[in-house]
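Here the structure is laid out as structure tokens; the discussion comes afterwards.
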Amino acid sequence: MGILDRLFSFRKKPAPVPAKRATRNYRPPVDLNGDPIMQHSRFERIPSALGSLRGAARNLVHTNPNASRATEVRVEHSIGTGIRYAFSGAPGYDSRFFTWATTTECDYEGQLTLYAIQDLFCRSIVEAGEGIIILRDGKAKDGYLPKLQVVDPDLLDATATPKYPDNRVVQGIEIKPSGMVIGFHFSFDSGQGNRWQEFVHADHVIHAFERKWPGQLRGIPAGVQVLTKVEALEAFITAALAKARIECCLGVAVVRKPTMDDGQSNPLFDQLASQQAADPDYERPTHLSPALIFDVEAGADVKAITPSSSGGYEAYIRINREDIAAGYGVPYSFMTGDVSRANFASSKVALEAFYKTIERFQANTLFPAFQRIELYFREAYELAVGVDLSHLDVTLIPPSRVSFEPAKDMQARAQRMSIGTMTWRQACYAEGIDPDVQYAELRREQTLFAQDGMTFNFGGFLVGAQQAAETEAAENAAIAAAEAQQGPEL
């Protein structure tokens, strides 16, 4: 062993590094050289850039008609007049929930029904990238009245400090070292300059957004993808309008000669000369404007500059609007109302693809949020009434689809029911109808027809008056017998 090897053998060995538990720490992306992207970058995965991106996307919806209409289309086909709830197994519960949902007592501010809250919540997801609802506790005569407060995502306090030790706050969301979301920090404003901070536990917050990558904490607005497209389109339209104004300008130059044709002095020329002498700042016009009339001296060379007309405006605008529609995930004809280049086959294919996107958005983003609303109400109802509703079956009913061929769609649905691949309840759900409500309505009509001794045949659906009357009488007798066994109410 050499002397150098012997010296190095006495060197203190480094202490072993203890293993760390894997956490969901935020890892910002890097550029092609492996360097982190600057914090002022507009890349949407940089937390510091998300606020500016969200502001630009929301301003786009409020100022650009294409973005505004695309947002309306997404909300209309995702929510419609409201995503309804169908219950089975608790008659008293569904009537109380219906009363709570169809009145403003469900709103924390007392202005919206549950279905209007759904519309606002979905609009916030499309426009701002995420929707937030705080589950509040309310009071009522019957002892239960949950309240829903829709909160603007911009109210999340990105500068807040963690409420619990060892946690950290990312864009207003407090998370554990393991990555679990603990709660949300809000900075509310009364509108009169009074601001206050509030921490709300995650159990009382519904935070929904379309997830683009694992570990995502905040949503990305849909308009982020089309910001540059809309900016370029607006600049192009502004330039096209300016060019059109120039093309519409018509100017007349009046040449005043010093002498007339007969050799006498021209009084109009003398008048122009005196005006120019009296006004040392007199200048000929340098900008064209409609109906411009100006004077020039004799001998001046007057040339007309006429901008040449050029086409291609419609094609360029249409291509950009198609990109905007694709960025928001809506069909071009739905956003613009332009069906000049559409035919039946292409429209049907586009509509099917659009509804696939809507169904995925409903199933992965909207339905889990709306199920939490019902569970929150159910917990309050169970505590107030003292019943167990764990057996309750709840179904969310989205709005029905727009059909190009209603007769063929109904025929296909009837064939599926005949071979057993679809039930009658599923057919009602596809139409956006609660099957229990529909069944009760059919029975009510049967009873009315039976009272008048009428029989109707609606296609293959035969309404038998005598059978309806017998069924109704049997049900009434069963209800009377059950009430007799229970005895009088206390």
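The values are calculated or read from the model by the stated rules, or taken from the named source; none is laboratory data. The model shown is predicted, which means the values in this text are computed figures rather than measured ones. In this analysis, Cβ positions are derived from the backbone assuming ideal geometry, glycine residues included, and neighbour counts consider all displayed protein chains.
What the table shows:
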quantity: Test: residue in segment 175-184 that is closer than 27 Å to Thr71 by Cα and either crowded, with 19+ Cβ neighbours inside 10 Å or in contact (Cβ under 8 Å) with a residue 12 or more places away in the chain (or both); calculated: yes
quantity: Tabulated pairs, segment 110-128, first over 16 Å from Phe209 (Cα atoms), second part of a helix (DSSP H, G or I) and among the β-branched types (Val, Ile, Thr), C-beta under 8 angstrom, 6+ apart or interchain; calculated: Gly110/Thr104; Gln111/Thr104; Leu112/Thr104; Thr113/Thr104; Leu114/Ile373; Tyr115/Ile79
quantity: Any hit, segment 131-148, residues being surrounded by fewer than 19 Cβ atoms within 10 Å (Cβ to Cβ) and in contact with a His (Cβ under 7 Å, 6 or more places away or on another chain); calculated: yes
quantity: 3 or more residues among the basic types (Lys, Arg) and closer than 30 Å to Phe344 by Cα: qualifying helices (runs of 4 or more DSSP H) within segment 404-453; calculated: 406-419
quantity: Any pair with Cβ under 6 angstrom, 6 or more apart, that starts in segment 222-244 at a residue that is closer than 15 Å to Ala70 by Cβ and ends at one that is surrounded by 12 or more Cβ atoms within 10 Å (Cβ to Cβ) and modelled with pLDDT under 80; calculated: Val224/Glu44
quantity: Selected residue (only one of Asp388, Asp393, Asp434 is closer than 30 Å to Glu105 by Cα, of a type in the set (Asp, Glu) and surrounded by 14 or more Cβ atoms within 10 Å (Cβ to Cβ)); calculated: Asp434
quantity: Subset of segment 134-159 (residues that are part of a loop (DSSP other than H, G, I, E, B) and at pLDDT 90 or above); calculated: Asp152, Asp157
quantity: Residues of segment 66-85 that turn out to be hydroxyl-bearing (Ser, Thr, Tyr) and farther than 10 Å from Glu127 by Cβ, as a count; calculated: 3
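Quick grid of which residues meet (1) farther than 27 Å from Ser187 by Cβ; (2) not β-branched (Val, Ile, Thr):
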| position | (1), (2) |
| --- | --- |
| Ser52 | no, yes |
| Ala57 | no, yes |
| Ala90 | yes, yes |
| Asp94 | yes, yes |
| Glu109 | no, yes |
| Ile125 | no, no |
| Ile132 | no, no |
| Tyr144 | yes, yes |
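So that you can scan it fast, the table gives a plain yes or no per residue for (1) under 17 Å from Phe370 (Cα atoms); (2) surrounded by fewer than 20 Cβ atoms within 10 Å (Cβ to Cβ):
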position: Cys122; (1), (2): yes, no
position: Ala128; (1), (2): no, no
position: Ala158; (1), (2): no, yes
position: Asn167; (1), (2): no, yes
